[in-house]
Amino acid sequence: MNIRKLPKIELHLHLEGAAPPNFIRQLAFEKNIDLTQIFNANGDYCFSNFNEFLATYEAACQVLKEPEDFHRLTRSILEKSAENGVIYTEVFISPDFCGGGDLTAWKEYLAAIEEAANSAKEDLGIEMRGIVTCIRHNGPSIAKKASICAAETASNFVIGFGMGGDELVGTQGDFTYSFNMADEAGLGLTTHAGEWGGAESVRQALQDLRVTRLGHGIQIIDDTNLIREAIDKKITLEVCPGSNVSLGIFENLSMHPINSLLKSGLLVTVSTDDPPFFNTTMTSEYNNLRDVFDWDEDIFKLINQNAIHAAFCGEEQKLILLERINSAWTKT
Ligand code: HPA
Ligand code: ZN
């Protein structure tokens, strides 16, 4: 199977986290900003643990200043995704980096991002949707602004609300106000949980935020009762194996629980998270899963079907995606 060319659905990709180092360096050069400290000798992003990752990430974001920068970034990441066979992608976009939570500014950034997404759909055939994302370590009151931005711009393009950032700061329940507001606006809900905060963080996410999807969610593996609850509630896991290995949660892919999670009956999907940071692509994620766990066309078809069912877009779009996935992922 030619994995790179086969169609894929991605549900967990951070817009800024998908910025290639060359892209960030070019903007830094144009804006006369010194960012040399965030790159290593090979020119890659430099970090050795999660907190350093977040610091490098936020430093890189300093060069993303104007809506035009986000237009260029969106175009660049969609080209990369399309090269790897992605036909539908839900992308986390944070108002914290797009005007600091100011609604008027946010609308301008969003318009630039959506314009780039429309043009990529025209000439690359890739569909993008946005999940407005608050950043946990920035606290509940900044998150409230993000949820106002999300609720005010809910559309066919902005279809979800999520939370990223440092899972060890505060509790999921600190953000109920924002998630309730997004829910009332008809947005789909997801939060980073069970990446660093253990199964307890997953429990809180389900109880307090009533999400249908979990960013990562992998640490649910430590709680059999919670696994049963998540299966009953049809909760979907946005698993990003390359990210987890790169950040040192597991020593290598063979130690990662993704295969056990799938076998337990959970709805598992596969994404890249922040591809250039973790030196990954959807193609390499799939290749590695095939090599390490023997995943075949049937399993890849299933994880893409899971992704379509859990996607926050409308039913009409889902039917189109299902047809493409079902016809392409067949054993030859
Ligand atoms: N975890 C939490 N927050 C993030 C991540 C991640 O992997 N990537 C970008 N923001
Ligand atoms: Zn993430």
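The values are calculated or read from the model by the stated rules, or taken from the named source; none is laboratory data. As the structure is a computational prediction, the values presented were derived from the model and not from experiment. We place every Cβ from the backbone using ideal geometry, glycine too, and count neighbours over all the protein chains shown. Protein only, heavy atoms only, side chains kept; ligands, DNA and RNA dropped before computing areas. Shrake-Rupley method; radii C 1.70, N 1.55, O 1.52, S 1.80 Å.
What to note about this one:
- Selected residue (only one of 41, 28, 19 is open to solvent by 30 Å² or more (accessible area, probe 1.4 Å), farther than 26 Å from residue 300 by Cβ and among the small types (Gly, Ala, Ser)): 41
- Annotation: of all residues in the range 91-132 being without any contact (Cβ under 8 Å) to a residue 40 or more places away in the chain and among the polar types (S, T, N, Q), the one that is nearest to ligand 2 (Cβ to nearest atom) is 118.
- Single unsatisfied condition, residue 120 versus (1) touching a Gly at 6+ places or on another chain (Cβ under 9 Å); (2) within 19 Å of residue 14 (Cα to Cα): (1)
- Qualifying positions in the range 133-147 - buried (at least 20 other Cβ atoms within 10 Å of the Cβ), away from ligand 2 (no atom under 16 Å from the Cβ) and touching a residue at least 40 places away in the same chain (Cβ under 8 Å): 145
- For residue 111, the test of being within 18 Å of the chain's Cα centre (by Cα) and more than 21 Å from residue 278 (Cα to Cα) is failed.
- Residues located in the range 217-251, provided they are farther than 24 Å from residue 131 by Cβ and in contact with a Ser or Thr (Cβ under 8 Å, 6 or more places away or on another chain): 221, 227
- Unique residue being more than 28 Å from residue 143 (Cβ to Cβ), assigned to a helix (DSSP H, G or I) and of a type in the set (Ser, Thr, Tyr) when the list is 286, 177: 286
- Here the range 95-106 is the region considered, the condition is being under 15 Å from residue 70 (Cα atoms) and out of contact with any helix residue (DSSP H, G or I) (no Cβ under 7 Å at 6 or more places or on another chain), and the residue that is least open to solvent (accessible area, probe 1.4 Å) is 105.
- Qualifying residue in the range 156-173 (condition: aliphatic (A, V, I, L, M), at pLDDT 95 or above and away from ligand 2 (no atom under 16 Å from the Cβ)): yes
- Boolean, residue 293 is in the same structural domain as residue 131 (by TED's automatic domain parsing), of a type in the set (Phe, Trp, Tyr), open to solvent by 10 Å² or more (accessible area, probe 1.4 Å) and out of contact with any strand residue (DSSP E or B) (no Cβ under 8 Å at 6 or more places or on another chain): yes
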